[in-house]
Structure formats: C-alpha cells, structure tokens
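The values are calculated or read from the model by the stated rules, or taken from the named source; none is laboratory data. Just so it is clear, the structure is predicted and the values come from calculations on it, not from any experiment. No Cβ is skipped: glycine too gets one built from the backbone with ideal geometry, and neighbour counts run over all protein chains shown. The accessibility values were calculated without ligands, DNA or RNA, using every heavy atom of the protein model including side chains. Shrake-Rupley method; radii C 1.70, N 1.55, O 1.52, S 1.80 Å.
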Amino acid sequence: MANDAEELPQGPELHGIDGTPVETDPSLSLSHGVGSRVTCVDYFALPQTFQVGTVARHWVREDSWPDGLHFAYLVQLDNGRRVFARNDERFIRSSDAAPVYMPKVLAPRTIMKFKIDNVWRKGVLVALNEDWLDSGEAPHIVHFEEGGSTGQGSYRKIWGTDDTIVMDSVDLIENLVKTFAVAYNDEHVSVPTNLTTVKQSLRFDVGDRVECNIDGRREAGIIMKCWYQESMVSQDRNEYFPYQIQLDIGHRIFAPEDTDHCVTKSSAPLPYSCYICCDSEFTKDNMIVRDCACRGDSSGWAHLECLRAWATSNLASRQRKKPG
C-alpha cells in the first residue's frame, strides 16, 4: 500500500542514515509503545523519506553488532519493510494514521474493496496473518480475479489499513450469500458453525499428497510450500501462488489456484524413498526432496535431515584429511 511519504531533510546530523546502531543505554524509557502508529525514516528509500509504520519492538540488538550497541525501535512499515529507528524525533514521530486492518471476527473468503496504488479494486480476503507485527509477514492475502502473471487472476500479499480496506453494503450481501451457499462458482464452501478469524484458508498444507492438473493429465506430488513466490514468472514482489509442488516425476511446479481443477487430494503412496536411509516416511519438517541432477524418476531423492547429516559428515572428513 502506498503512503504519502515525507522526504527527509538533509543536514550534517541526518545525512547518510543507514541503519547503523549508535545507542548504548537500553534502560531509557521510550515515547512510542509497541503497537503504536509512527512515521520513521525509511533509509532503504532513495531519497530517504519518512514512512508510516507500527512499532514492533523496543531496544533491539543483533549479534553482528558491536558490543553494547542497540536501536531503540524496530518498526514495521506499511510498505512491507522493517527498519530500525533511534530514540530521537528527528528519526521517529507519532502518527495519527489508521491502524493496520485486523478484524477480530471475519467470515472465510470475505469479499472486500482494497485501495492499491490509489485505485480501489474488489477482491477476496482469503487469509489473515495475526502475527504480522512479530513475523514481518504481510497481514493480508487477497485474491483478485483480474490480472496476474498467469492470466488467471492473482494472489497478493498486502499491508492494508482501516482506510484502505473496506466492505460496503453490496459486498456484505454478497458475502452472506457466499457464506451460506453449499457451492459457489464450482468451489465447495462449507457452512460455518461460527465465524472465526481466517488464519490459513488453503485446503492443503506442507507435506500433503496431492494430484495436479498438468495439461489435462493428473500427476501426483507433495506440497512443498504454501503461499509460494515464483520470481521467474512474476515480477510483482507481492504476487504469490497458493502452492509449490514437488511432482513424483521429479519436477517442481506451482499451482495458480487452490481449486479442484488445479489440485486435488491424492492417496497414492510415494513411489520413491530416501537413497541415504532407504526410508519413505517423511514429515512436514523433514521432507524427501530431489535437488540434484540425477537421472530417472526414482533417483536422487533424500530426506532434508539426511542431506544435512551427510554434508556435515563430509565436511568434517575433509577437514581431518587436511595436512598440518
């Protein structure tokens, strides 16, 4: 979401702000509480500007910084960047900007209007990230029916506020119809017993076995990532795809839509096993992947943990063999 940015005045004490920590006393009280709306210097921008954001943390320190140095604030900007700010109103100020949109209750796949680049567009709010302030991940995932790099609409992660996300009476009626329908546009929608905050609206999770529509034929595979970004396809850094999928035939693909036409559940067993431990069992945190140039459909598959253990052992062996 675009903000009205105030350009930073240049002067000897402000020139060249680059995020270098200088503060040494984390016991000092701070004026802006965690969650407060502020404007602060976005030192990634050229020219450097003040941008609206939300205070995420106080007295931040990273291990790579010199001993004793801190930043008073970590700020999550509405443009998606996370920046540090000094305890000085020349660098951070209070703001009366509208807060980031985060409703307490929301029906699944809610139709709303979103202001992007000063243009209002209708879309479906498919997921909320309540942990956005701590994680730095965008709070909203929205599906727009038009546009997108695949020509089938687009999913975008956005940073919306109470001023840039709205629902009017027409949207409200459409949402009620959709919520209590058994089927809508060939997508099966379950009737909710109560309205809960949407945290993850995708039908499948990492590690699930699925079948994908590949030019009219079905190929089995495993979900590798949810809300995947494919830089080779889309130049929009905010455009995402529901799934990245590792096919059993060895290729990795992405699914542009979370529909039965693109992806369905599969009960087919894995046709391969880890070549290191010879086991075909896997978990969400220890997937069997194929990131090598081995030939054949069943060659080169290995658990992530097995690969890490092999790499560690191989490195230790080479170090022992070094002379002197």
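Among residues that are at pLDDT below 75 and open to solvent by less than 40 Å² (accessible area, probe 1.4 Å), THR197 is included. Considering region 19-30 alone, what residues qualify as being surrounded by fewer than 14 Cβ atoms within 10 Å (Cβ to Cβ) and either modelled with pLDDT of 90 or more or under 25 Å from the mean Cα position of the chain (by Cα) (or both)? Scanning region 19-30 gives GLY19, THR24, ASP25, SER27, LEU28, SER29. The C-beta contact set for region 120-131 (first residue on the phi < 0 side of the Ramachandran plot and open to solvent by less than 10 Å² (accessible area, probe 1.4 Å), second residue part of a strand (DSSP E or B) and aliphatic (A, V, I, L, M), distance under 7 angstrom, 6+ apart or interchain) comprises GLY123/MET112; GLY123/VAL142; LEU125/MET112; LEU125/VAL142; VAL126/ILE141; VAL126/VAL142; ALA127/ILE141.
Note on region 49-78: residues that are more than 15 Å from LEU133 (Cβ to Cβ), open to solvent by 10 Å² or more (accessible area, probe 1.4 Å) and of a type outside the set (D, E, K, R) amount to 9.
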